[in-house]
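Beneath this line is the structure, given in structure tokens, with notes to follow.
The values are calculated or read from the model by the stated rules, or taken from the named source; none is laboratory data. Source: prediction; values computed, not measured. Heads up, the Cβs are rebuilt from the backbone with ideal geometry, glycines too, and the neighbour counts pull from every protein chain shown. These area figures cover heavy atoms from the full protein model, side chains too; ligands, DNA and RNA do not enter into them. Shrake-Rupley method; radii C 1.70, N 1.55, O 1.52, S 1.80 Å.
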Amino acid sequence: MDPLLMEVDTQLETERLLLRMPRPGDGKVVNKAIKSSVAELKPWLGFVQELPTVEETELNTREAHINFLKRESLRYLIFLKETNEFVGSTGFHNIHWSIPKVEIGYWIDTSYSGYGYMTEAVGKLTDFALDQLRCRRIEIRCDRENDRSRAVPERLGFSLEGILRNEDLSIDGSKVTDTCVYAKV
């Protein structure tokens, strides 16, 4: 089946969270979270190396909306259900519909770290990928030194399939890094 014809939920819920497809107008709240979390995100994420403007973040969220509709990537913004406060972002990228398999990426506003929100969100995405999208493989890749990111797949029972040594450059380009590959099949 052509992925464009697939019915994909644009909104998912957990006990505490609402995950939804990005929409026009989301750039402001996403940008605010990036700016307040820059110190924690900068070592790991390329888009934080130079702080994006609100307009650049708005453009990015609109592109994510379009990519969701095209089924090229499925980004979900994470909000607290009770207060509608923006918590972070997660979603599927590197999608191979023919298998099907996906990779999950994520980042969180630092002020919401330590409450289990990202584990809850990624757990929901994992179940959704297995049950609704019928994925045969779900991957999470992260830098070997990013302990907080590694804790998410470990808490969710993903298997560490391997550590790719000298596989990538650090975000600032100053050193060669190792990448952990976690998977659930």
Of all residues making up region 150-185, the number that are within 20 Å of the chain's Cα centre (by Cα), among the hydroxyl-bearing types (Ser, Thr, Tyr) and more than 13 Å from Val122 (Cβ to Cβ): 3
Per-region count, region 104-114, residues surrounded by fewer than 16 Cβ atoms within 10 Å (Cβ to Cβ) and in contact (Cβ under 8 Å) with a residue 40 or more places away in the chain: 3
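To keep it simple, each residue is scored yes or no on (1) open to solvent by less than 40 Å² (accessible area, probe 1.4 Å); (2) out of contact with any Phe, Trp or Tyr (no Cβ under 7 Å at 6 or more places or on another chain); (3) among the β-branched types (Val, Ile, Thr).
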residue	(1), (2), (3)
Ser98	no, yes, no
Thr119	yes, yes, yes
Leu130	no, yes, no
Cys135	yes, yes, no
Ile140	yes, no, yes
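With the structure loaded, tell me whether Ala121 is within 23 Å of Val8 (Cα to Cα), free of Cβ contacts under 8 Å to residues at least 60 places away in the same chain and either among the polar types (S, T, N, Q) or in contact with a strand residue (DSSP E or B) (Cβ under 6 Å, 6 or more places away or on another chain) (or both) or whether it fails that test.
Working: within 23 Å of Val8 (Cα to Cα): yes; free of Cβ contacts under 8 Å to residues at least 60 places away in the same chain: no; either among the polar types (S, T, N, Q) or in contact with a strand residue (DSSP E or B) (Cβ under 6 Å, 6 or more places away or on another chain) (or both): yes.
In short, no.
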Neighbours by Cβ (under 6 Å, 6+ apart or cross-chain): first from region 11-27, free of Cβ contacts under 8 Å to residues at least 60 places away in the same chain; second in a loop (DSSP other than H, G, I, E, B) and exposed (fewer than 12 other Cβ atoms within 10 Å of the Cβ): none
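Mind checking which residues of region 165-185 are without any contact (Cβ under 8 Å) to a residue 24 or more places away in the chain, in contact with a strand residue (DSSP E or B) (Cβ under 9 Å, 6 or more places away or on another chain) and over 20 Å from Asn94 (Cα atoms)? Quick ask: steps written out before the conclusion?
Initial filter on region 165-185 (without any contact (Cβ under 8 Å) to a residue 24 or more places away in the chain): 165-167, 169, 173-176.
Among the residues that remain, those that are also in contact with a strand residue (DSSP E or B) (Cβ under 9 Å, 6 or more places away or on another chain) are: 165-167, 169, 175-176.
Arg165, Asn166, Lys175, Val176, listed by residue number.
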Cross-chain or 6+ apart pairs with Cβ under 7 Å, region 83-103 first and over 17 Å from Arg134 (Cβ atoms), then buried (at least 19 other Cβ atoms within 10 Å of the Cβ) and basic (Lys, Arg): Ser89/Arg75; Gly91/Arg75
Scope region 127-182; condition within 14 Å of Gly105 (Cβ to Cβ) and among the small types (Gly, Ala, Ser); matching residues: Ala129, Ser149
Options Val122, Val181, Val176; residue that is touching a Leu at 6+ places or on another chain (Cβ under 7 Å), under 20 Å from Ala64 (Cβ atoms) and not small (Gly, Ala, Ser): Val122
Criterion: in contact with a Cys (Cβ under 6 Å, 6 or more places away or on another chain) and in contact (Cβ under 8 Å) with a residue 24 or more places away in the chain - qualifying residue of Arg134, Arg71, Arg150: Arg150
Hits in region 158-176 - residues which are modelled with pLDDT of 95 or more and either open to solvent by less than 20 Å² (accessible area, probe 1.4 Å) or assigned to a loop (DSSP other than H, G, I, E, B) (or both): Phe158
